[in-house]
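> First the structure, which I've put down as structure tokens, then a few questions once you've had a look.
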Amino acid sequence: MSTVEQTLIVPRTEASNVKTAANAAAPGTTTMRVQPVARALSPARAALRQFLRSPSGVAGAILLLALILATIFGPMLYPIDPLEIVGLPFSPPDADALLGTDYLGRDVLAGLIHGGRATMTVGAVAALITIVIGVSVGALSGFFGGWIDSLLVKISEFFQVLPPLLFAMVLVTLFGPRLTTITIAIGAVSWTSAARLTRAEFMRLRDLDFIKASRAAGAGNWHLIMRVVLPNALPPIIVSATLAIGVAILFEGGLSFLGLGDPNTMSWGLMIGQNRNYVLDAWWAVTFPGAAIFLAVLAVSLVGDGINDAVNPRLRRR
Amino acid sequence: MTPVLSVEDLSVGMTGRDGKLVPVLENLSFTVDKGRTIALVGESGCGKSMTALAIMRLLPEGFVVTSGRILLEGENVLTARNRRMRALRGNAVSMVFQEPMTALNPLYTVGDQIAEALYHHRNLSRGDAAEQAVQFLKAVQIPAAEQRAKAYPHQMSGGMRQRVMIAMAIACKPKLLIADEPTTALDVTVQAQIFDLLAKLQDETETAIVLITHDLGAVAELADDIAVLYAGRCIETGPAQGVAASPRHPYTRGLLACVPHLAVGRPKPPAWIDLGEIPGMVPALGSRGPDCAFLTRCASASEVCRSRPQPPLGTIDVAHAVSCWRAREIAA
């Protein structure tokens with residue numbers, strides 16, 4: 001055994017020559033290098049660089065960042081309770097209420113600023129739930145195949161055949177219109193597309209050589225899924241996660257519009273839902289939250305598209 | 001001394017569309033000792049890669065070992081528990097794949113990929129493993145190994161990546177290295193370098209090597225023994241020099257005639273000789289009867305061959321065995 005150990009160390013001495021040679025050449029005289037080793041750029045950083053080159057993606061990111069900052073710091077700068085009655089109902093925008101008041105006389109601007117927090121949180125958390133469930137189901141099903149795949153596909157088909165909005169309405173009605181139930185309901189009805197996407201990616205990757213090579217190097221299933229296949233399947237998943245935020249925001253708006261919003265927490269959807277009957281009397285109470293939802297979804301979609309362009313190998317040139 | 005690898009009477013079958021078991025490999029036996037190399041030679045579809053995957057116990061879905069034993073230092077691989085098998089793979093047995101362009105994970109640096117096996121199998125710390133990975137990159141003669149370790153696979157050439165694959169495979173000092181057509185995807189000069197490298201590493205580590213290839217000429221120097229497979233059956237086996245110098249089976253002769261043989265210092269042949277070819281194709285899975293599988297393509301086939309099933313391997317010389325009714329006539 002010791003001979004084996006010894007002999008394997010042999011390259012060290014030989015290689016140290018290479019090292020000294022490389023060191024000697026490296027500092028000043030770059031021309032001396034045999035083959036310049038390209039600055040190793042990790043795939044994530046390469047994608048970020050690519051993303052920053054897309055104007056619409058960057059615009060979306062700036063808009064999204066602005067909205068997020070507004071919802072985080074806005075309430076401190078504009079500390080008016082969005083549920084409190086501050087004036088006469090249907091006051092048009094004026095100096096007292098910059099964006100007017102709604103049918104109960106609540107400040108629309110305060111609603112926008114405070115409601116954004118709920119809307120964005122619902123969007124992000126629901127998207128997270130969507131992705132966690134979808135990726136887990138899709139990964140297991142695509143990686144193992146066989147009866148596991150059949151079972152999981154059957155389950156996700158069951159969810160796919162139910163109309164998502166109706167299903168979410170049933171869930172919210174059953175468990176009560178609270179922000180948490182709304183979030184969970186949105187996640188529960190929209191994970192199937194992420195599952196299908198992940199399953200397809202896993203099935204594509206499962207038989208590639210480097211997966212086989214990892215297996216031949218002794219990797220177990222868990223290691224293969226988490227460290228080998230999933231990272232390679234991530235690009236489309238990230239894109240779909242981003243877009244899922246937009247879908248979840250729209251969903252929350254939809255549910256609230258149908259009267260299933262949480263009445264105790266101001267959100268953009270709730271503002272539209274409660275004021276929709278008076279849209280001809282007080283356009284401002286519906287239009288501004290509508291515009292806010294539009295901007296948020298637009299921002300998220302632009303970012304999603306930007307990421308897609310940056311990580312999709314078919315669109316990117318090496 | 002127990003051989004490092006001993007494959008005994010291995011048969012592999014594939015479940016066909018109609019649920020029937022179609023033989024893929026039939027009664028294959030060979031052994032490899034420490035520091036020795038056996039080359040499995042044959043055309044595509046002869047069962048070479050299946051043999052390799054059976055040894056790793058990584059046969060694709062639908063393929064099953066129907067009989068035989070595979071002993072790795074006396075331990076039967078086929079009955080080992082999954083956990084034990086994972087510990088063996090990459091540690092006691094490792095494999096170099098055919099396609100260096102696709103066999104490396106594009107998302108990790110090559111250094112990380114080599115270190116990964118060391119970290120898991122050798123319980124090294126991440127730092128030590130990374131340091132060792134650089135040593136192995138040097139061992140496979142990659143220049144500027146420190147920087148290369150931080151490179152991603154797409155930044156390297158094919159030959160470079162195959163060296164990385166070899167570095168990964170030898171990182172845990174395996175007792176057995178399976179190289180599945182390690183040079184097929186590379187150009188000729190790099191092929192020679194890779195073979196030299198394998199030979200050098202073998203001298204240092206005394207690893208047993210199973211080399212899978214279709215280029216009989218190229219392996220004669222590296223391999224100690226050769227087993228020629230045809231349609232899932234071993235049709236000729238023996239010491240490399242013997243088989244390459246005096247092939248007995250018409251198929252082996254055909255394989256050798258397919259490649260040009262040039263030697264430095266030898267005068268040019270008086271007339272250009274056309275390279276040989278073996279007409280036809282390997283019979284498809286499922287259409288292989290008890291007859292000699294090579295019968296339809298064989299130029300030397302006679303009534304003897306047609307009237308009887310394929311003979312078992314018959315010894316014709318020291319350790320040299322052939323499965324052919326006419327082996328003695330052909331040799332003469």
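> Determine, yes or no, whether residue B:66 is touching a Gly at 6+ places or on another chain (Cβ under 6 Å), surrounded by fewer than 18 Cβ atoms within 10 Å (Cβ to Cβ) and not charged (D, E, K, R). Break it down stepwise before answering.
Numbers: touching a Gly at 6+ places or on another chain (Cβ under 6 Å): yes; surrounded by fewer than 18 Cβ atoms within 10 Å (Cβ to Cβ): yes; not charged (D, E, K, R): yes.
Considered against the rule, which asks whether it is touching a Gly at 6+ places or on another chain (Cβ under 6 Å), surrounded by fewer than 18 Cβ atoms within 10 Å (Cβ to Cβ) and not charged (D, E, K, R), residue B:66 comes out as yes.
> Go over the candidates B:95, B:101 one by one and state the one that is buried (at least 23 other Cβ atoms within 10 Å of the Cβ), under 28 Å from residue B:281 (Cβ atoms) and either acidic (Asp, Glu) or within 11 Å of chain A (Cβ to nearest Cβ) (or both). Working first, answer last.
Working: B:101 fails: buried (at least 23 other Cβ atoms within 10 Å of the Cβ).
Just a single option satisfies the conditions, and that option is B:95.
> Let me ask you something else. Could you go through the range A:79-88 and let me know if any residue there is closer than 19 Å to residue A:276 by Cα and outside any loop (DSSP other than H, G, I, E, B).
Within the range A:79-88, one or more residues are closer than 19 Å to residue A:276 by Cα and outside any loop (DSSP other than H, G, I, E, B).
> Taking the range B:178-196 only, how many residues are in a loop (DSSP other than H, G, I, E, B) and surrounded by 23 or more Cβ atoms within 10 Å (Cβ to Cβ)? Step through it out loud before you land on a result.
Just the residues of the range B:178-196 that are in a loop (DSSP other than H, G, I, E, B), to begin with: B:181-187.
Subset that is surrounded by 23 or more Cβ atoms within 10 Å (Cβ to Cβ): B:182-183.
Going through the range B:178-196 one residue at a time, the tally reaches 2.
> List the helices (runs of 4 or more DSSP H) inside the range B:112-177, counting only whole elements, that have at least 2 residues being more than 8 Å from every other protein chain (Cβ to nearest Cβ) and in contact with a Leu (Cβ under 8 Å, 6 or more places away or on another chain). I'd like the intermediate steps shown before the answer.
Numbers: elements: B:126-139, B:145-148, B:158-170.
Those helices (runs of 4 or more DSSP H) span B:126-139, B:158-170.
> Could you list, ordered by first residue, the pairs with Cβ atoms under 9 Å in which the first is in the range B:277-296 and in the same structural domain as residue B:46 (by TED's automatic domain parsing) and the second is among the acidic types (Asp, Glu) and part of a loop (DSSP other than H, G, I, E, B), at least 6 apart or interchain?
Here the result reads B:278/B:43; B:281/B:43; B:282/B:43, each pair linking the range B:277-296 to a residue that is among the acidic types (Asp, Glu) and part of a loop (DSSP other than H, G, I, E, B).
> Any residue at all in the range B:52-60 that is farther than 18 Å from residue A:206 by Cβ and more than 11 Å from chain A (Cβ to nearest Cβ)? Full working, then the answer.
The first filter runs over the range B:52-60 and keeps only residues farther than 18 Å from residue A:206 by Cβ, leaving B:52, B:54-55.
Then drop every residue that is not more than 11 Å from chain A (Cβ to nearest Cβ), which leaves B:54.
Within the range B:52-60, one or more residues are farther than 18 Å from residue A:206 by Cβ and more than 11 Å from chain A (Cβ to nearest Cβ).
> Which of the residues that make up the range A:237-283 are farther than 26 Å from residue A:194 by Cβ, buried (at least 22 other Cβ atoms within 10 Å of the Cβ) and in contact (Cβ under 8 Å) with a residue 60 or more places away in the chain? Outline the logic, then answer.
Of the range A:237-283, the ones farther than 26 Å from residue A:194 by Cβ are A:259, A:263-266, A:270-283.
Applying the additional criterion that residues be buried (at least 22 other Cβ atoms within 10 Å of the Cβ) yields A:266, A:270-275.
Of everything in the range A:237-283, those that are farther than 26 Å from residue A:194 by Cβ, buried (at least 22 other Cβ atoms within 10 Å of the Cβ) and in contact (Cβ under 8 Å) with a residue 60 or more places away in the chain turn out to be A:266, A:270, A:271, A:274, A:275.
> I'm trying to understand the selection: among the residues of the range A:284-315, which are outside any helix (DSSP H, G or I) and open to solvent by less than 10 Å² (accessible area, probe 1.4 Å)?
Step one: of the range A:284-315, the residues outside any helix (DSSP H, G or I) are A:312-315.
None - no residue of the range A:284-315 is outside any helix (DSSP H, G or I) and open to solvent by less than 10 Å² (accessible area, probe 1.4 Å), so the list stays empty.
The values are calculated or read from the model by the stated rules, or taken from the named source; none is laboratory data. Remember, predicted model here, so these are calculated numbers, not experimental data. Backbone-built Cβ (ideal geometry, glycine too); neighbour counts: all protein chains shown. Keep in mind that these areas ignore ligands, DNA and RNA; they rest on the heavy atoms of the full protein, side chains included. Shrake-Rupley method; radii C 1.70, N 1.55, O 1.52, S 1.80 Å.
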